[in-house]
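Have a look at the structure below before the remarks.
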Amino acid sequence: MAKESLFNILENTLDFEEVEALDLFTGTGNIAFELASRGCTSVLAIEQDKACVQFVKNTVTQLKMDNLTVLRMDVFKFLPGTRQQFDLIFADPPYDSNHYELLADLILNSELLKPEGILVIEHPTTVDYSGNTAFTELRKYGRVHFSFFSKA
């Protein structure tokens with residue numbers, strides 16, 4: 001239900017066929033596959049776990065998804081090193097992470113997000129981004145929370 005609601009919101013905001021997306025902490029690629037299947041120009045998925053990366057790579061090959069690339073890398077090492085810009089950045093860090101504020105700041109204080117781009121961070125109920133100047137809205141679906149940000 002949460003994923004479906006998220007994509008309903010994004011579909012009313014973005015033209016997927018013009019979107020370059022970044023999926024941070026991709027895990028098994030659930031969001032990355034959805035973005036790629038909806039026709040995003042490109043989807044870059046970042047994941048540190050070797051087994052997850054291999055699963056995503058195998059699935060990309062099987063489904064012939066030319067618009068999806070996965071890199072095995074620590075997100076916090078990837079972010080400061082990339083110069084690519086994205087229309088949509090989705091991040092779903094592990095719920096036990098204590099780097100939620102750092103993650104938002106690293107992205108929003110960089111040039112990663114295009115001027116009209118959207119950042120979505122999935123997080124537990126204990127995280128509150130409402131004080132962030134780029135915060136635009138919070139959507140709650142049970143224990144799943146999505147905070148939306150925009151630099152525009």
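The values are calculated or read from the model by the stated rules, or taken from the named source; none is laboratory data. Worth saying up front: this structure is predicted, and the values here are computed from it rather than measured. Using ideal geometry, Cβ is built from the backbone for each residue, glycine included, and neighbour counts are taken over all protein chains shown.
Any residue at all in the range 38-54 that's of a type in the set (Ser, Thr, Tyr), over 21 Å from residue 103 (Cβ atoms), in a strand (DSSP E or B) and at pLDDT 95 or above?
There is at least one residue in the range 38-54 that is of a type in the set (Ser, Thr, Tyr), over 21 Å from residue 103 (Cβ atoms), in a strand (DSSP E or B) and at pLDDT 95 or above.
Does residue 49 satisfy the condition of being touching a residue at least 12 places away in the same chain (Cβ under 8 Å), surrounded by fewer than 20 Cβ atoms within 10 Å (Cβ to Cβ) and touching a strand residue (DSSP E or B) at 6+ places or on another chain (Cβ under 6 Å)?
no
Residue 65 fails exactly one of the following numbered conditions: (1) out of contact with any helix residue (DSSP H, G or I) (no Cβ under 8 Å at 6 or more places or on another chain); (2) in a loop (DSSP other than H, G, I, E, B). What is the number of that condition?
Unmet for residue 65, out of (1) out of contact with any helix residue (DSSP H, G or I) (no Cβ under 8 Å at 6 or more places or on another chain); (2) in a loop (DSSP other than H, G, I, E, B): (1).
Can you report the number of residues in the range 126-152 which are outside any strand (DSSP E or B), under 16 Å from residue 90 (Cβ atoms) and small (Gly, Ala, Ser)? Before you say what the answer is, go through the steps one by one.
Going through the range 126-152, the residues outside any strand (DSSP E or B) turn out to be 126-134, 142-143, 151-152.
Cutting the leftovers down to under 16 Å from residue 90 (Cβ atoms) gives us 127, 129, 134, 151.
Restricting the remaining residues to those that are small (Gly, Ala, Ser) gives 134.
Total meeting the criteria: 1.
Looking only at the range 1-37, which residues are of a type in the set (A, V, I, L, M, F, W, C), modelled with pLDDT of 95 or more and part of a loop (DSSP other than H, G, I, E, B)?
Listed by number, the residues that qualify are 19, 25.
What's the total number of residues in the range 81-125 that are part of a helix (DSSP H, G or I) and buried (at least 20 other Cβ atoms within 10 Å of the Cβ)?
Final tally of qualifying residues: 3.
Exactly one condition in (1) in contact (Cβ under 8 Å) with a residue 60 or more places away in the chain; (2) closer than 20 Å to residue 141 by Cβ; (3) crowded, with 16+ Cβ neighbours inside 10 Å is false for residue 22; which is it?
Tallying (1) in contact (Cβ under 8 Å) with a residue 60 or more places away in the chain; (2) closer than 20 Å to residue 141 by Cβ; (3) crowded, with 16+ Cβ neighbours inside 10 Å, residue 22 fails exactly one: (2).
Of all the residues that make up the range 101-123, how many are at pLDDT below 90 and closer than 20 Å to residue 3 by Cβ?
Summing the residues that are at pLDDT below 90 and closer than 20 Å to residue 3 by Cβ in the range 101-123 gives 0.
Among the residues of the range 68-80, write down those that are in a loop (DSSP other than H, G, I, E, B) and of a type in the set (D, E, K, R).
Within the range 68-80, 74 is the sole residue that qualifies.
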